[in-house]
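Working notes for the structure below.
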Amino acid sequence: MTALVRAELLKLRSARITTWLLLATLVLVTLTVVASTPTVDSESSLTLVDPALLAVVVGSAFGVPQVLIALYGTTAFTQEFRYGTITQTYLGEPRRTRIFMAKWLALALVSVVVTTATLALAVPLAIVMIQYRDGEVSVGAQFWQMIAASFGVMALYAVIGVALGALIRNQIIAVSALLVWMLAVEWIVVPSYPPVGRWLPLGAASAVMQLESSIGLDGKLLPAVLGGLVLAAYAAVATALALRAAPQRDVL
Amino acid sequence: MTTAIELNGLTKTYGDLLAVDAVSAIVLPGKVTALLGPNGAGKTTTLRMLLGLVAPSSGTATFGGRRYVELMDPVRRVGAQLEASGCHPGWTALDYLRILTTASRLPAEAPKRVLEETGLAEAARRRVGEFSLGMRQRLGLAAAMLGDPGVLVLDEPTNGLDPPGVRWLREYVRRLADEGRTVLLSSHALSEVELIADDVLVLARGRLIRSAKLATMRAEAGVGSRVRTPDPTALCAALEAAGLVSRWAEDELIVDAPPEEVGELCAKHGIVLHALAGTAGLEQAFFRLIDESPEEEVALS
């Protein structure tokens, strides 16, 4: 299994698009931190003296990395079908479930890297921005909880992405569906109809990372633990579907 | 190094379409066995079932008695180059082979060895997107040889190769078989197969219609001719009047008679010829088999 995971990581490293997407994501993380740090006269419920300020600003920066890691996960399979490399992958390891597990493990490791890179950029930047706007930087329990939650949420999005790519082998359809869902559908449903939206992956992830105030849904999201369980359930269902359907399919 | 391939009643249906119909054959070590058939005959599907990429509807395909999925370290036992397999255009040849080497826990020097064997050493760090079709074929073969396997399965390996490349492939595959490896290759390039194969399996409409040594098929076929004319109607009429059997292959007529006889017949009838050549025995036999295979018995509904 270690060899298969190393091979999956090598595939990601060998494609230039991986690095470019990560760099683009970090640029967007920078912009998000700048945009989500409130000013003295902003009308946000989050104020510059809020003890949760640092946690919320940094947590808000994970919107784009969540899309990135789900995208990496999805393309881990769809790229193989697009370029025909899945044939050699399955010839090298014909027990396909092991390929699935290797991709999940590899993407989980990549999620740790992306999360660490995001935090390494977002935390100091958020501190600088808050101080620049005369706010108070408070590193409390919520901050550490957000840090821990970010690793878990990113890993779960990686797992969901891999499962999606295994189920929908056409790259254009899979990636389009993922982006439309994560960037449009959820961002419309969650704020406008919280009773439903809080059960969606974005609502659940926001609950785990305690970002209610940043998306204007104070008290309307699930408790953090329940949010985590809901997100894990999405990952488990997607995984079960992928494991049930994909290994049986012919590779033509 | 002495693993035989055995196909036993291998069958594949897609809905109502019977793509491969109860194919049974044995491919022996130390020989090059060609799987022949026109497009759509079921060659690729048969190879993919053999390699566990397509699930058979019934029947089995084994290497030394084990299905591909049951092989320990399959890449060290069986090397395969399939038509639709590819490579990410952004990877270099070396990237690609290193990924396969890593996944299968092969020695780190394996990519360098196969790149040299396949004449790609100088292109090792070039991106595959810049490769010609012939170079991609060589890279596919390099990937197949990474584990130094005792069995080689090649799907249309001469596609895209230039004449020197075809010659190189011929010699390479011959050497592998002479080393005692089992080589099964599919092809529709009959002239190439004649120069390389020891045994022949002929598929038509999903069925195995002949399994024989190449020499046997040649001897049975006799000598034929391929003819090209601007007046095919007159030629066909003359051939029919003379009782000679013929059939079309693209823009040429294949005749079951030696070129001398066909040439004299055409001269007698004043028919202009643009080309007249003797056909290899395999080609003659192949077309005869395809023509004689009972179309109505094949369940293509």
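The values are calculated or read from the model by the stated rules, or taken from the named source; none is laboratory data. In this text the structure is predicted, and so the values were computed from the model without any measurement. Don't worry about glycine lacking a Cβ; one is built from the backbone with ideal geometry, like all the others, and counts go over all protein chains shown.
If the condition is being closer than 20 Å to B:Arg175 by Cβ, in a helix (DSSP H, G or I) and under 21 Å from the mean Cα position of the chain (by Cα), then the stretch B:101-157 contributes B:Gly134, B:Gln137, B:Arg138, B:Leu139, B:Gly140, B:Leu141, B:Ala142, B:Ala143, B:Ala144.
Being more than 14 Å from chain B (Cβ to nearest Cβ) and not in a helix (DSSP H, G or I) holds for only one residue in A:Leu22, A:Leu48, A:Leu31, A:Leu68, and it is A:Leu48.
Among the residues of the stretch B:194-212, those that are in a strand (DSSP E or B) and either modelled with pLDDT of 85 or more or surrounded by 23 or more Cβ atoms within 10 Å (Cβ to Cβ) (or both) comprise B:Asp199, B:Val200, B:Leu201, B:Val202, B:Leu203, B:Ala204, B:Arg207, B:Leu208, B:Ile209, B:Ser211.
Taking the criterion of being facing chain A (nearest Cβ under 10 Å) and in a loop (DSSP other than H, G, I, E, B), the residues of the stretch B:72-89 that qualify are B:Asp73, B:Leu82, B:Glu83, B:Ala84, B:Ser85, B:Gly86, B:Cys87, B:His88, B:Pro89.
Go through A:Ser36, A:Ser14 for me and flag whichever is buried (at least 16 other Cβ atoms within 10 Å of the Cβ), touching a helix residue (DSSP H, G or I) at 6+ places or on another chain (Cβ under 7 Å) and more than 13 Å from chain B (Cβ to nearest Cβ).
Only one candidate passes the filter, namely A:Ser36.
Kindly indicate which of A:Gly219, A:Gly228 is more than 19 Å from A:Phe81 (Cα to Cα), out of contact with any strand residue (DSSP E or B) (no Cβ under 8 Å at 6 or more places or on another chain) and free of Cβ contacts under 8 Å to residues at least 12 places away in the same chain.
Among A:Gly219, A:Gly228, only A:Gly219 is more than 19 Å from A:Phe81 (Cα to Cα), out of contact with any strand residue (DSSP E or B) (no Cβ under 8 Å at 6 or more places or on another chain) and free of Cβ contacts under 8 Å to residues at least 12 places away in the same chain.
Report whether or not B:Val69 is in contact with a Gly (Cβ under 6 Å, 6 or more places away or on another chain), buried (at least 17 other Cβ atoms within 10 Å of the Cβ) and within 7 Å of chain A (Cβ to nearest Cβ). Judged against the criteria, B:Val69 is not a match. What residue, among those in the stretch A:91-146 that are hydroxyl-bearing (Ser, Thr, Tyr) and in a helix (DSSP H, G or I), is nearest to B:Ala80 (Cα to Cα)? By that ranking, first place goes to A:Thr97. What do you reckon, is B:Pro38 in a loop (DSSP other than H, G, I, E, B), outside the structural domain of B:Ile290 (by TED's automatic domain parsing) and modelled with pLDDT under 90? Judged against the criteria, B:Pro38 is a match.
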